[in-house]
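Below is one structure, written out as structure tokens; comments come after it.
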Amino acid sequence: MELPARQRGDEQLHPGEMISLRMRLRNLVPGNDLATVIACAFDHRTRILPFIGSDLRMVPAGVRAIGSAMADVGLTKTRIVLQQWNKNFRPSKMRLDGRFPDLFMVSSMLLHSAECDRMIQDACQIDDKRRPLIVVGGPRVIYEPWKVFSDDPQKPWSADVAVTGEEYVLLSLLEVLLSMRAGNESLRSTFLRARDSNALDEIPGLVYSRSETADGPIEELVDTGIQRLLADLDELPNPILGYQLLETPSDKSTLGSHALPENRVRKHCIASSIVLTSGCKFGCSYCPIPAYNQRQCRAKSGERVADEMEQIAYRYGITYFFGTDDNFLNDSNRALDIAEALARRTRTGRRPYCKIRWATEATIHDTIRMQEHLPVLRESGLRALWLGVEDISGSLVSKGQSEDKTFKAFRLLRENGIYPVPMMMHHDSQPLVTWKNNHGLLNQLRRLRKAGALYTQVLMLAPSPGSKWYEDTYTSGLAIEKVNGIPIEPYVTDGNYVIASKLSRPWSKQLNLLVAYTYFFNPIRMLASLVRSKSAIPFADAETRPPEEVRHYSHWKKARRWAYRKARAIAIDAGVQVFGMYGLLHTYRRTLGWAWHLFHGKIERCSKTPTSRIPMRDPQGNPASHALPGTPPSEQISISPDGFAQSTLRKVA
């Protein structure tokens with residue numbers, strides 16, 4: 001069940017709309033002394049392969065982007081709290097500048113839902129007179145916004161509003177609220193007035209609740225529709241602003257008096273996520289990304305990307321970047337614009353350009369298509385490319401890949417000094433080992449390792465909200481509802497746990513994932529890597545220091561530099577193996593128990609798609625854009641002059 005698209009020609013904002021909105025907000029903000037806390041939900045039970053390591057050492061792009069947008073318009077009294085670093089944070093105990101914040105925002109992925117809900121519930125415990133406006137966003141809310149509104153009358157916690165879009169939607173909401181705010185009125189009180197007067201209905205990308213009485217349970221949700229997308233990503237605020245707002249890592253449940261000092265950011269964040277492009281031309285049935293982008297491809301200009309990397313490197317000393325791309329090579333011209341802009345600066349030999357290293361995601365098909373431009377990509381600082389191989393036989397999904405094309409792409413990347421990192425997808429029809437072909441999971445990993453893969457990720461196919469397959473995985477009996485009486489929790493939806501399988505022995509697939517990782521990361525392979533390392537590729541030990549500096553080296557110093565570079569290149573593969581084995585220990589610890597439940601417990605399968613139990617509609621009383629089929633019909637609620645809701649008899653299918 002993919003997200004619907006807006007009408008043709010109305011998918012994107014007009015050029016300059018984002019900049020105009022930022023300017024208008026800068027004029028509104030000075031009269032409003034607002035404090036904001038932005039929390040990134042994180043469930044520490046998800047710390048397993050292949051994500052362990054990067055999950056704690058890289059600030060998520062989403063919360064940083066929202067923080068940057070707030071600071072850009074003048075709301076500098078803002079703090080970003082990462083549950084990765086602040087595990088015990090409690091919203092009910094937060095104070096910023098000695099008071100409760102006016103605005104509390106939570107960003108969450110689906111697998112971190114438990115922590116997201118816990119923070120919302122805790123924030124709802126704050127006295128109504130001091131309670132902040134609660135806004136929730138992130139990937140979870142984009143596809144299932146109803147989940148942050150309680151449907152239990154006995155536990156009436158909920159967010160005030162869900163933002164199902166990007167920065168423009170949030171800033172548009174703030175513009176309406178700040179325009180209506182009277183004196184020292186609380187922002188939540190202003191929101192309630194704006195909601196009840198229908199002032200929010202013209203902002204696509206919001207979902208908010210309506211009730212029959214002021215303090216009663218939620219009667220229905222109003223969905224203002226699918227967002228308009230920002231076409232020119234250069235109009236976004238500079239992401240460097242977000243790093244100024246990070247909460248210092250601690251075990252406390254409260255906020256510190258000051259944000260994390262600039263000179264300590266690199267200690268906790270060794271790599272920076274960065275937005276380069278957005279969108280993908282492929283339409284994989286298990287992926288919600290193309291529909292979210294409304295089949296549009298967007299990008300930043302090369303000069304903008306180079307400027308962002310330069311500023312982050314100069315100010316915080318972070319020289320490693322990971323692009324948040326869906327498919328970086330999706331659009332050849334835009335990819336080359338970014339690569340050539342970075343390469344031009346790298347050729348100067350000046351810092352920090354000569355030290356910048358970055359990685360991102362692409363497909364096998366597009367890598368081969370761009371083969372003549374790979375030298376420029378390498379020169380720009382690209383060192384690794386995560387490739388959506390999925391299944392080299394193409395039996396699960398075809399994105400133009402095949403066994404021959406996969407290994408050709410690997411060879412091309414290695415010849416140009418770029419590490420290929422395969423992303424694999426295990427499924428019911430794939431055996432662990434085959435003898436006469438390479439359809440088996442271990443067969444494919446063996447070939448990929450031989451072709452030069454240093455690292456890999458292997459995930460199991462799981463239901464993904466917003467994808468074409470989502471409804472079918474439930475109605476066909478593929479999705480599992482309970483195992484041994486244990487309901488499926490959000491933290492197991494990341495593909496590392498078998499939660500969708502038609503096999504009578506799904507535990508075998510869970511063990512296959514462990515066997516696959518053990519085959520790829522083990523002590524024998526680590527020792528072998530010291531002798532025949534897969535990291536020994538052209539340019540892997542290339543000199544990166546400025547030529548002027550190297551020219552003055554003595555022969556002894558040059559020899560030491562040469563030996564250092566060679567040793568570093570050889571040690572990379574062994575180091576990756578050690579890291580993989582460390583992550584594998586955590587993976588065994590967390591997933592073996594699930595394999596045991598699958599082995600001896602009763603498996604109950606789903607028969608229908610999970611939908612909102614709260615009625616949903618759009619502002620005109622029509623079916624809501626984000627509602628799945630089966631969502632309850634809604635009575636259209638109107639607001640009387642005294643501010644209370646009055647329902648009519650009109651039903652919405």
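The values are calculated or read from the model by the stated rules, or taken from the named source; none is laboratory data. Owing to the predicted nature of the structure, the values given are computational and were not obtained by experimental measurement. All Cβ positions, glycine included, derive from the backbone under ideal geometry; neighbour counts span all protein chains shown.
Before moving on, here are some points about what is shown:
- Enumeration of residues in segment 178-189 that are assigned to a helix (DSSP H, G or I) and in contact (Cβ under 8 Å) with a residue 24 or more places away in the chain: Leu178, Ser179, Leu187, Arg188
Residues are listed down the side, and each one gets a yes or a no for (1) crowded, with 20+ Cβ neighbours inside 10 Å; (2) under 19 Å from Gly53 (Cα atoms); (3) assigned by TED's automatic domain parsing to the domain that holds Leu530; (4) of a type in the set (Asp, Glu):
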{"residue": "Met581", "(1), (2), (3), (4)": "no, yes, yes, no"}
{"residue": "His586", "(1), (2), (3), (4)": "no, yes, yes, no"}
{"residue": "Thr591", "(1), (2), (3), (4)": "yes, yes, yes, no"}
{"residue": "Gly601", "(1), (2), (3), (4)": "no, no, yes, no"}
{"residue": "Ala624", "(1), (2), (3), (4)": "yes, no, no, no"}
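- All of Asp232, Asp201, Asp251 fail the test of being acidic (Asp, Glu), within 25 Å of the chain's Cα centre (by Cα) and more than 22 Å from Leu96 (Cα to Cα), apart from Asp232.
- Residue ranges of strands (runs of 3 or more DSSP E) in segment 577-653 with at least 3 members modelled with pLDDT of 90 or more: 603-605
- Looking only at residues in segment 276-322 that are among the β-branched types (Val, Ile, Thr) and buried (at least 19 other Cβ atoms within 10 Å of the Cβ), the one that is nearest to the chain's Cα centre (by Cα) is Thr277.
- Selection from segment 268-291 of residues that are at pLDDT 95 or above and hydroxyl-bearing (Ser, Thr, Tyr): Ser272, Ser273, Thr277, Ser278
- Residues located in segment 442-472, provided they are part of a helix (DSSP H, G or I), in contact (Cβ under 8 Å) with a residue 40 or more places away in the chain and among the polar types (S, T, N, Q): Gln444
- Among residues of segment 547-562 being loosely packed, with under 11 Cβ neighbours inside 10 Å and at pLDDT 75 or above, the one that is farthest from Val531 (Cα to Cα) is His555.
- Scanning segment 18-58 for residues that are modelled with pLDDT of 95 or more and polar (S, T, N, Q) turns up Ser20, Asn27, Thr36, Thr46.
- The lone exception for His439 - which of (1) in contact with a His (Cβ under 9 Å, 6 or more places away or on another chain); (2) assigned to a loop (DSSP other than H, G, I, E, B); (3) not acidic (Asp, Glu) it fails: (1)
- Evaluation of Arg345 against (1) touching a strand residue (DSSP E or B) at 6+ places or on another chain (Cβ under 9 Å); (2) surrounded by 20 or more Cβ atoms within 10 Å (Cβ to Cβ) (one fails), failing number: (1)
- Filtered residue count, segment 273-293, keeping only those that are part of a loop (DSSP other than H, G, I, E, B), of a type outside the set (Val, Ile, Thr), touching a Pro at 6+ places or on another chain (Cβ under 9 Å) and farther than 14 Å from Lys468 by Cα: 3
- Test: residue in segment 122-129 that is outside any helix (DSSP H, G or I), buried (at least 17 other Cβ atoms within 10 Å of the Cβ) and touching a residue at least 12 places away in the same chain (Cβ under 8 Å): yes
- All of Ile274, Ile270 fail the test of being among the β-branched types (Val, Ile, Thr) and in contact with a Ser or Thr (Cβ under 8 Å, 6 or more places away or on another chain), apart from Ile274.
- Evaluation of Arg295 against the conditions (1) within 17 Å of Leu13 (Cβ to Cβ); (2) free of Cβ contacts under 8 Å to residues at least 12 places away in the same chain shows that the sole unmet condition is (2).
- Answer residue from segment 130-145, given it is part of a helix (DSSP H, G or I) and not hydrophobic (A, V, I, L, M, F, W, C) and is nearest to Ser189 (Cα to Cα) among those: Pro145
- Number of positions in segment 194-203 that are without any contact (Cβ under 8 Å) to a residue 60 or more places away in the chain and in a helix (DSSP H, G or I): 2
- Complete set of residues in segment 248-289 that are more than 29 Å from Gln311 (Cα to Cα) and not charged (D, E, K, R): Ser253, Thr254, Phe282, Gly283, Cys284, Ser285, Tyr286, Cys287, Pro288, Ile289
- For Ala384: the one exception among (1) more than 24 Å from Val59 (Cα to Cα); (2) at pLDDT 95 or above: (1)
- Qualifying residue in segment 211-220 (condition: surrounded by fewer than 23 Cβ atoms within 10 Å (Cβ to Cβ), more than 27 Å from Thr611 (Cβ to Cβ) and outside the structural domain of Asp152 (by TED's automatic domain parsing)): no
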